[in-house]
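Peer 1: Can you read through this structure? Questions will come right after.
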Amino acid sequence: MSLLNKKKASASASDPTDKIGKDLSFAATEAYKRLRANLLLSFTSDSSCRIVGVTSSLRGEGKSTTSVNLAYTLAEMGKNVLILDSDMRLPNVHRLLKLNQSPGLSNLLSGGGGNNIIQPTALHRKLYAITAGDIPPNPTELLSSRRMENTLQMLSQNFDFIIIDLPPIDAVSDALIVSKYTSGMIMVVRQNYVDKRALDNSVRQLRYHKAQILGFVMNGADPDSGYYKKGYYKKDGTYEYRSKSNV
Ligand SMILES: Nc1ncnc2c1ncn2[C@@H]1O[C@H](COP(=O)(O)OP(=O)(O)O)[C@@H](O)[C@H]1O
Ligand SMILES: [Mg+2]
């Protein structure tokens with residue numbers, strides 16, 4: 001699936017801010033709406049704030065892109081949404097939303113930051129962001145601190161959803177640590193990018209940490225390679241595979 005509509009794709013395919021928000025291709029917009037619908041179905045009641053972590057095995061699989069687009073689609077349906085950049089090693093949310101990186105989460109967790117930590121976004125009036133802040137020497141310690149837990153508890157009073165953009169599981173333990181503060185985790189899996197062993201290992205680690213895995217997002221998947229494109233159902237209900245040249 002291409003995230004961009006054709007006009008945008010030819011204009012500036014390398015600008016990551018083009019891959020978020022309302023100007024996506026029809027297929028991408030629909031895919032994010034399906035993700036939103038599946039996410040909402042994962043929760044039995046909508047009375048309290050849902051804290052959803054987004055992670056993957058490796059860097060570059062599309063966690064930040066998915067987090068921001070998911071947060072945006074939830075805001076679009078009238079929810080108060082906060083996106084929290086917890087990837088203090090390679091923060092990206094501020095770039096995607098064109099915000100200042102600091103002050104942000106690291107400043108808040110180390111006892112500073114002032115009043116401007118929660119930033120409104122130009123993308124949607126119901127979407128707010130806490131950017132990563134100044135890059136700290138000890139992200140894992142900050143994220144595992146009691147202050148992180150308290151911060152999330154405090155923030156959950158004011159939002160329907162908190163989407164946490166996390167670092168990849170293969171690199172550091174941050175995502176696993178934060179998973180215990182979430183209602184559930186979404187794993188982004190980039191097609192032709194991550195191998196099965198790395199993915200299996202990530203899932204095993206999440207399970208070991210008793211994280212609730214809400215589901216997987218196949219990112220960058222080519223719909224033409226999808227199983228459903230391989231054939232068709234005939235009138236008599238049998239399935240006919242097409243030869244390769246017809247696919
Ligand atoms: N489905 C997609 N189609 C095209 N480009 C994508 C897609 N998902 C992510 N990208 C691009 O891939 C790069 C890595 O995405 P990013 O969301 O920053 O990954 P991560 O947060 O997992 O490191 C960015 O340049 C982003 O614009
Ligand atoms: Mg990222």
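The values are calculated or read from the model by the stated rules, or taken from the named source; none is laboratory data. Only a predicted model underlies this, so the values are computations on that prediction, with no experimental measurement involved. Cβ sites come from the backbone with ideal geometry, for glycine too, and all protein chains shown count toward neighbours. Please note that ligands, DNA and RNA were not included when accessible areas were found on the heavy atoms of the full protein model with its side chains. Shrake-Rupley method; radii C 1.70, N 1.55, O 1.52, S 1.80 Å.
Peer 1: Looking only at the range 152-176, which residues are over 13 Å from the mean Cα position of the chain (by Cα), more than 16 Å from ligand 2 (Cβ to nearest atom), open to solvent by less than 30 Å² (accessible area, probe 1.4 Å) and aliphatic (A, V, I, L, M)?
Peer 2: Scanning the range 152-176 gives LEU152, LEU155, LEU176.
Peer 1: Which one of the conditions (1) within 16 Å of ligand 1 (Cβ to nearest atom); (2) modelled with pLDDT under 95 does LYS98 fail to meet, given that it meets all the rest?
Peer 2: Answer for LYS98: the failing condition is (2).
Peer 1: Right, next: Tally time: how many residues in the range 21-63 are small (Gly, Ala, Ser) and in contact with a Pro (Cβ under 8 Å, 6 or more places away or on another chain)?
Peer 2: 3
Peer 1: Right, something else. Can you name the condition, by its number, that ALA122 falls short on among (1) of a type in the set (A, V, I, L, M); (2) open to solvent by 50 Å² or more (accessible area, probe 1.4 Å); (3) in contact with a strand residue (DSSP E or B) (Cβ under 7 Å, 6 or more places away or on another chain)?
Peer 2: For ALA122, the exception is condition (3).
Peer 1: Something else about it: Inspect all residues belonging to the range 177-199 and state whether any of them is assigned to a helix (DSSP H, G or I), closer than 23 Å to PRO136 by Cβ and touching a helix residue (DSSP H, G or I) at 6+ places or on another chain (Cβ under 6 Å). Break it down into steps so the answer makes sense when it comes.
Peer 2: Residues of the range 177-199 assigned to a helix (DSSP H, G or I): 177-179, 196-199.
Checking the rest, the ones that are also closer than 23 Å to PRO136 by Cβ come to 177-179.
Next, from what is left, pick out any that are touching a helix residue (DSSP H, G or I) at 6+ places or on another chain (Cβ under 6 Å): 177-178.
Yes: one or more hits.
Peer 1: Based on what the data block shows, is GLU141 acidic (Asp, Glu) and free of Cβ contacts under 8 Å to residues at least 24 places away in the same chain? Before you say what the answer is, go through the steps one by one.
Peer 2: Values: acidic (Asp, Glu): yes; free of Cβ contacts under 8 Å to residues at least 24 places away in the same chain: yes.
Judged against the criteria, GLU141 is a match.
Peer 1: So, one more: Taking the stated definitions as given, is ASN116 touching a residue at least 24 places away in the same chain (Cβ under 8 Å) and not small (Gly, Ala, Ser)? Explain how you work it out, then say what you get.
Peer 2: Details: touching a residue at least 24 places away in the same chain (Cβ under 8 Å): no; not small (Gly, Ala, Ser): yes.
Criteria not met by ASN116.
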